[in-house]
Each structure stands twice: as C-alpha cells, then as structure tokens.
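> This is the structure, below, for whatever I ask next.
The values are calculated or read from the model by the stated rules, or taken from the named source; none is laboratory data. Since this is a predicted model, take the numbers as computed values, not measurements. Because the Cβ atoms are built from the backbone with ideal geometry, glycine has one as well, and the counts that use them run over all protein chains shown.
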Amino acid sequence: MDSASLLQSSILQLTIANNKIATYIHFTFISLITICLCFFLYFLVVVLSIFFTSPPLRENARYVLFVYMLVNDTFFLLSGFTLMLGAIFFLYMPVPVCYILSTVSSMAFRVTPTTLAAMALEKYIAICHPLRHKELCTPQRANVAFTLICTALIIPNVADLGLMTSSYTNIFNISVICRMENLYVNPFQNVLRSLGLALCFVLVAIIILFTYIKITMVAHRVSSQSSSASKARKTILLHGFQLLLCTMSLLSTFSIALSASQAIFLPGFNFFLFSCVPRFLSPVIYGIRDEHLRKLIKKSLTRPLKN
C-alpha cells in the first residue's frame with residue numbers, strides 16, 4: 001500500500017508539474033503573439049492612413065496590392081489567433097462559427113502567397129518591360145487581380161461546404177473543439193484541401209522563380225538598370241522566403257502524430273513561426289526597404305512629436 005501510494009503521489013506531482021510547464025509555455029507564446037499582433041495592427045493603421053491620404057500611393061498598383069495583402073493578413077492573424085486559443089484551451093464552438101473562422105483563416109492563408117505572386121509579376125513588368133508598366137500595372141487592374149484571386153480561392157471552400165453539408169445533416173446542432181480535422185466528415189474534404197493548397201503553392205513558386213530568373217538576367221545584361229533590378233531581385237527573394245515559411249506551415253499537420261506531452265507547445269509554436277512570421281515580414285519588405293514608403297511612415301510617426 002505504501003509503495004502504491006508513493007507511486008500515485010509521484011504520478012500526481014508529475015502531472016501537476018507538466019500542467020504548470022504547459023501553462024507557462026502557452027502563456028509565453030500567447031503573450032509573444034499578442035505583442036507582435038499589436039505592432040502589426042499599429043503598422044496597418046499607419047499604412048492605411050498614409051495610403052488614403054497620399055494620391056501617388058493609391059495610383060501605384062504595387063502599393064494597392066500591398067495594402068490588400070496587409071488587410072488580408074489581418075483577417076488571417078485574427079481568425080488564426082482565435083482558432084489557436086480554442087485549440088490550446090479546448091474550447092467548444094458551434095460548428096457554423098467554427099467553420100466560418102476556419103474558412104476565413106484557410107482562404108486568407110492562400111490569398112497571401114497568391115498576392116505575393118501578383119506583386120512579383122508587377123516587379124517583373126517594371127524591370128523587364130518598363131515601357132508597358134504604366135499601361136499594364138494600373139490601380140484598376142490591381143483591384144481586378146485581387147478580386148479574381150479571392151474569387152478563385154473561395155471555390156474550394158464552397159465545394160468543401162457542399163461536401164460537409166451533404167454528409168452531416170445535424171451540422172448546425174453540435175459544438176466541437178475548433179480544429180480542421182474535426183470538420184472533416186467526408187474523406188474527399190481532406191483530398192480537396194490538400195490538392196487546393198498544393199496547386200496554389202506550386203503555381204506561386206513557379207511564378208516567383210520565373211520572375212527572379214528574368215529580373216536577374218536583366219540585372220546582368222543592362223548596367224543602367226542594374227541597381228533597380230538588383231533591388232527587385234532581393235525583393236523577389238524575400239517573397240520566396242515568405243512562401244517557404246508559408247509552405248513549411250503545412251508541416252504542422254504532422255504534430256497530430258506526437259503524444260500529448262510532446263505536443264503541448266505546438267499550437268502556439270506553429271502559429272507563431274509558420275503563420276505569424278511570414279506575415280510580419282511584409283512590413284519589413286515594403287515598410288522599411290521601400291524608400292518612398294519609409295519616408296512617408298517616418299513623417300507620419302514624427303508628425304505628432306512636432307505638434
């Protein structure tokens with residue numbers, strides 16, 4: 001009896017210690033993500049205020065696409081943060097609410113790399129076809145391009161909803177822990193999602209690789225454009241790095257195979273490293289490296305101090 005009691009006490013102490021460690025890990029990731037998200041939202045407000053008060057920016061397709069991407073990333077980060085909290089604290093949500101959050105998150109997840117591809121093409125046209133840049137890259141065309149991107153990427157979600165509703169008639173009467181796998185009631189849902197993601201990322205990777213090669217060829221061939229082409233080439237490389245991080249986030253699905261003791265930190269870790277970091281790179285790429293936008297941001301931030 002003494003040995004059994006001692007063993008039971010040891011197990012209880014170990015469980016309490018593991019729970020404390022899990023709590024500390026969760027709190028650390030939640031705090032870190034919250035701080036970064038606040039900075040991102042602040043940057044979004046600054047950029048939007050500059051964009052809507054600066055006509056030259058509104059007339060540049062590059063900045064139009066950038067603003068669209070920032071707004072899309074905001075939807076993704078907010079919906080993803082909510083889903084992460086639900087996964088960490090095992091919160092039950094009605095299936096319709098969970099599905100809306102998951103749909104917004106998954107669609108926004110795919111819109112970002114696709115918009116990166118559109119921005120890479122804009123850079124390609126500016127460097128390789130400068131005489132046609134003003135004709136092809138207009139704000140109106142940027143608006144149409146982003147609308148077409150969203151329309152094309154929502155089709156898999158509509159098909160997924162059709163499969164889901166046809167397979168589960170009591171969908172609106174249950175609550176689940178809001179994870180993607182808990183919404184799979186038809187095996188074709190997972191196949192459809194995997195094919196959609198694979199097609200999206202392969203096409204984006206091909207476009208980024210194509211634009212990088214073409215811009216590099218121009219940089220080596222035309223010395224008068226070498227400076228702008230070199231900068232554009234570095235931007236395309238950063239786009240590729242963003243795409244790589246987004247692609248690596250697909251590896252988070254393998255965390256399901258880990259035991260509970262090994263996976264306590266994975267929801268926060270995966271969301272921060274593979275979802276937040278690629279989005280936080282956007283302000284660095286265009287808010288700091290872009291000379292014109294950097295001057296406007298600096299002027300906007302220092303203006304209150306002068307008053």
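> Could you list, in sequence order, the residues of the range 129-169 that are aromatic (F, W, Y) and surrounded by fewer than 17 Cβ atoms within 10 Å (Cβ to Cβ)?
Y168
> Looking at the range 281-299, which of its residues are over 13 Å from L57 (Cα atoms) and at pLDDT 80 or above?
Once the filter is applied, which keeps residues that are over 13 Å from L57 (Cα atoms) and at pLDDT 80 or above, the range 281-299 yields K298, K299.
> Exactly one of these conditions fails for V176: (1) of a type outside the set (D, E, K, R); (2) outside any helix (DSSP H, G or I); (3) under 24 Å from the mean Cα position of the chain (by Cα). Give me its number.
Result: V176 fails condition (3) only.
> Separate question: Determine the pairs where a residue that is charged (D, E, K, R), located within the range 97-125, has a partner that is in a helix (DSSP H, G or I) with Cβ atoms under 6 Å apart, the partner being 6 or more residues away or on another chain.
R110/L153; R110/C200; E122/A61; E122/R62; K123/A232
> Where in the range 46-146 are there helices (runs of 4 or more DSSP H), lying wholly inside it, with at least 1 residues that are farther than 28 Å from K231 by Cβ?
Working: elements: 55-58, 61-89, 95-128, 133-136.
In the range 46-146, the matching helices (runs of 4 or more DSSP H) lie at 61-89, 95-128.
> F90: more than 24 Å from the chain's Cα centre (by Cα) and either under 24 Å from A205 (Cα atoms) or aromatic (F, W, Y) (or both), yes or no?
In short, no.
> To continue, here is another question. Check F27, F39 and return the single one that is among the aromatic types (F, W, Y), over 17 Å from the mean Cα position of the chain (by Cα), part of a helix (DSSP H, G or I) and surrounded by fewer than 18 Cβ atoms within 10 Å (Cβ to Cβ).
F27
> Still on this structure: Please count how many residues of the range 186-243 are hydrophobic (A, V, I, L, M, F, W, C), surrounded by fewer than 18 Cβ atoms within 10 Å (Cβ to Cβ), at pLDDT 75 or above and over 26 Å from the mean Cα position of the chain (by Cα).
Qualifying residue count for the region: 1.
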